[in-house]
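Below: the structure, in structure tokens.
The values are calculated or read from the model by the stated rules, or taken from the named source; none is laboratory data. In this text the structure is predicted, and so the values were computed from the model without any measurement. Virtual Cβ from ideal backbone geometry, glycine too; neighbours counted across all protein chains shown.
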Amino acid sequence: MSAWSEKSPERKAYLRSRYRHYVLVLVSQMLILIGFVLLWELVADRRWIDPFITSQPTRMWATLLHLHQNGTLYTHVGVTLMETFWGFSLGMLGGFLCAVLLWWSRMFQEISEPYLVILNALPKVALGPVLIVWLGNGSAAIIGMAILISIVVTIISMVSGFMEVDPDKIKLLHSFGASRLQILLKVVLPSSLNSIIAAFKVNVGLCLVGVIMGEFLVSQAGLGYLIVYGSQVFKLDLVMTSILILAVIAAILYIIVSYVGKRLLHWQK
Amino acid sequence: MIDISAYQVELDHVSMVYQSPTTETVAIADVSLGVKPGEFVSIVGPSGCGKSTLLDIICSLVTPTRGTVRMNSRVGYMLQRDHLLEWRSILQNCMLGPELQGHNLKEAREYVNHLLRAYGLHDFTNHYPRQLSGGMRQRAALIRTLAVKPDVLLLDEPFSSLDYQTRLAVADEVWTILQKEGKTAILVTHDIAEAISMADRVVVLTARPASVKKTIPIVMTSEGPPLMRRQDERFREYFDMIWKELDIHVSMV
């Protein structure tokens, strides 16, 4: 390797062009964001659009500062995060356990198939009012909504991941006299880690959808509540600011989950 | 009664019928076969004749429809591809069998380390499978099989996924390792040359449903590892003999 430590001109040129490409993409992405914000501010300032119904970046900033100063920002973000966390954890756990059960018993899988297909196709929001009646108009119903939205997808994608495991690998374990539990733990789960992590990533988004849906329907706090409340009293600044915060939260959650996923799959690197 | 049977593995009129919703397939018609301790037996036959099923039966992964399998020893199974688990290091892969069978892990690790050292993989114990060449991966798979100290090794075309040069080298290595460790081996292959170069005895099977067509003891002018045996003057004779037995028709059109 030492002979190649001195980079050839071709290598240098290649690395330079790659770096240039990377910078170009990054700068373009940032320019689009900055341009959009500036344009928004400009057209609102010139009254080409009505900032009363579209809001504008400086007003959103002021709203954010206001929410920060009176502390309500943290209450609402906290409530939404807490509900998302529970929805995500319980949805993943429940989905995972169901997937294991379906993998364990072929019979059970066949029996439950039509129900899963229909549950998957059903718009879960339709069950929102039912959840409110059953669980009351509080966080429980909202978490229920998040679980409902994420669990079916989790089950379906995890089971298909489990079923894709190379049958010869399972045969190998059988040849060592492995039990079904050992096959699950030593081969099936590790080799479906990819699909489990994929389910993780999808679920973060879906849970957030469920929580916001739930907060639209019932709630006294949370970003979904802020959005609905803001729109009802025609405070579009509040609505837009809440949506912006929500976007930031979604991005952060996605980054966290991706990072955790990458750490779990370290052997692929 | 003391078991005076000289065989370590004995198949007695074994047959296998597979059921499916549309049809019934007879995979193995009637196979009787005995393998003595320390013997290396190759089983050749036309592709799809049920050779691999025979190994599955010996390993008791499937129960034969009729007939009995007598065996009083531990078996190790080596499959067509190495199937090393990508998320485990080489050492962890080799420890799979002892882990599953609940052996004393400390002793097993010592034994595995000894094997890895003896067969040139010691520098790779903490590497992951994808960092190893095909030949090294197959060697690691063999050590994984040996880690549970089997008396009988079942080899199901273990070299078929390797390129030709590697294949010759790995066959030589595996044969030498098995010889050194004093293991009984049953090799299933469709490669006539491979079968002859490794075995004390070649069993030729008929096309599906399989039965034993002929058993040919291999006696070379001088004993040695597979690569040397390929040079032996009798090698050609055996090759022609088995080729004729297999009765392969090559269309000349």
Hits in segment A:127-171 - residues which are within 14 Å of chain B (Cβ to nearest Cβ) and either assigned to a helix (DSSP H, G or I) or of a type outside the set (Val, Ile, Thr) (or both): A:ASP166, A:PRO167, A:ASP168, A:LYS169, A:ILE170, A:LYS171
Out of (1) surrounded by 19 or more Cβ atoms within 10 Å (Cβ to Cβ); (2) in contact with a Pro (Cβ under 6 Å, 6 or more places away or on another chain); (3) not in a helix (DSSP H, G or I), the odd one out for B:ALA207 is which? (1)
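In segment B:5-23, which residue that is in a loop (DSSP other than H, G, I, E, B) and under 22 Å from B:GLY182 (Cα atoms) is nearest to the chain's Cα centre (by Cα)?
Of the residues in segment B:5-23, the ones in a loop (DSSP other than H, G, I, E, B) are B:5-8, B:20-23.
Keeping just the survivors that are under 22 Å from B:GLY182 (Cα atoms) gives B:5-8.
Numbers: B:SER5: 22, B:ALA6: 21, B:TYR7: 17, B:GLN8: 15 Å.
Filtering first and then ranking leaves B:GLN8.
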Return only the number of the condition from (1) within 14 Å of another protein chain (Cβ to nearest Cβ); (2) assigned to a helix (DSSP H, G or I); (3) buried (at least 16 other Cβ atoms within 10 Å of the Cβ) that A:ALA178 does not satisfy. (2)
Test result for B:ASN126, free of Cβ contacts under 8 Å to residues at least 40 places away in the same chain and within 12 Å of chain A (Cβ to nearest Cβ): yes
Report yes if some residue within segment B:35-45 is among the polar types (S, T, N, Q), away from chain A (no Cβ under 12 Å), crowded, with 22+ Cβ neighbours inside 10 Å and in contact with a strand residue (DSSP E or B) (Cβ under 6 Å, 6 or more places away or on another chain); otherwise report no. yes
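Going by the structure shown, is B:LEU105 free of Cβ contacts under 8 Å to residues at least 60 places away in the same chain, crowded, with 16+ Cβ neighbours inside 10 Å, among the aliphatic types (A, V, I, L, M) and more than 30 Å from B:VAL31 (Cα to Cα)? I'd like the intermediate steps shown before the answer.
Numbers: free of Cβ contacts under 8 Å to residues at least 60 places away in the same chain: yes; crowded, with 16+ Cβ neighbours inside 10 Å: no; among the aliphatic types (A, V, I, L, M): yes; more than 30 Å from B:VAL31 (Cα to Cα): yes.
Judged against the criteria, B:LEU105 is not a match.
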For segment B:123-136, what are the residues that are of a type outside the set (S, T, N, Q), more than 24 Å from the chain's Cα centre (by Cα) and over 13 Å from B:ASN93 (Cα atoms)? B:ASP123
Looking at this structure, is B:THR176 assigned to a helix (DSSP H, G or I), farther than 28 Å from B:ASN104 by Cα and of a type in the set (Ser, Thr, Tyr)? no
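Is it true that A:GLU83 is modelled with pLDDT of 90 or more, over 21 Å from the mean Cα position of the chain (by Cα) and of a type in the set (Asp, Glu)?
Values: modelled with pLDDT of 90 or more: yes; over 21 Å from the mean Cα position of the chain (by Cα): no; of a type in the set (Asp, Glu): yes.
In short, no.
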Looking only at segment A:181-195, which residues are hydroxyl-bearing (Ser, Thr, Tyr) and within 13 Å of chain B (Cβ to nearest Cβ)? A:SER191, A:SER192
With the condition kept exactly as written, say whether any residue in segment B:139-148 is of a type in the set (Gly, Ala, Ser), within 24 Å of B:LYS51 (Cβ to Cβ) and not in a helix (DSSP H, G or I). no
Every residue in segment A:100-126 that is under 22 Å from the mean Cα position of the chain (by Cα), in a helix (DSSP H, G or I) and either at pLDDT 95 or above or exposed (fewer than 12 other Cβ atoms within 10 Å of the Cβ) (or both), please. A:ALA121, A:ALA126
Evaluate the following for A:VAL260: is it over 30 Å from B:PRO150 (Cβ atoms), surrounded by fewer than 21 Cβ atoms within 10 Å (Cβ to Cβ) and under 20 Å from the mean Cα position of the chain (by Cα)? yes
Which numbered condition in (1) under 30 Å from B:TYR128 (Cβ atoms); (2) in contact with a Lys or Arg (Cβ under 7 Å, 6 or more places away or on another chain) is the only one that A:ASP237 fails? (1)
Here the residues within segment B:50-90 that are assigned to a loop (DSSP other than H, G, I, E, B) and away from chain A (no Cβ under 12 Å) are B:GLY50, B:THR63, B:PRO64, B:THR65, B:ASN72, B:SER73
Inside segment A:221-255, can you point out the residues that are in contact (Cβ under 8 Å) with a residue 24 or more places away in the chain and loosely packed, with under 14 Cβ neighbours inside 10 Å? A:PHE234
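Within segment A:197-255, can you find the residues that are of a type in the set (Ser, Thr, Tyr) and part of a helix (DSSP H, G or I)? Quick ask: steps written out before the conclusion?
Start the filter on segment A:197-255 by keeping residues that are of a type in the set (Ser, Thr, Tyr), which leaves A:219, A:225, A:229, A:231, A:241-242, A:254.
Passing the criteria: A:TYR225, A:TYR229, A:SER231, A:THR241, A:SER242, A:TYR254.
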Flagged in segment A:196-220 as surrounded by fewer than 21 Cβ atoms within 10 Å (Cβ to Cβ) and within 14 Å of chain B (Cβ to nearest Cβ), in numbering order, are A:ILE197
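Of the residues A:GLY35, A:GLY94, which is among the small types (Gly, Ala, Ser) and either closer than 30 Å to A:LYS186 by Cα or not in a helix (DSSP H, G or I) (or both)? Let's see the steps before the verdict.
On the way: A:GLY35 fails: either closer than 30 Å to A:LYS186 by Cα or not in a helix (DSSP H, G or I) (or both).
A:GLY94 is the lone residue from the list that is among the small types (Gly, Ala, Ser) and either closer than 30 Å to A:LYS186 by Cα or not in a helix (DSSP H, G or I) (or both).
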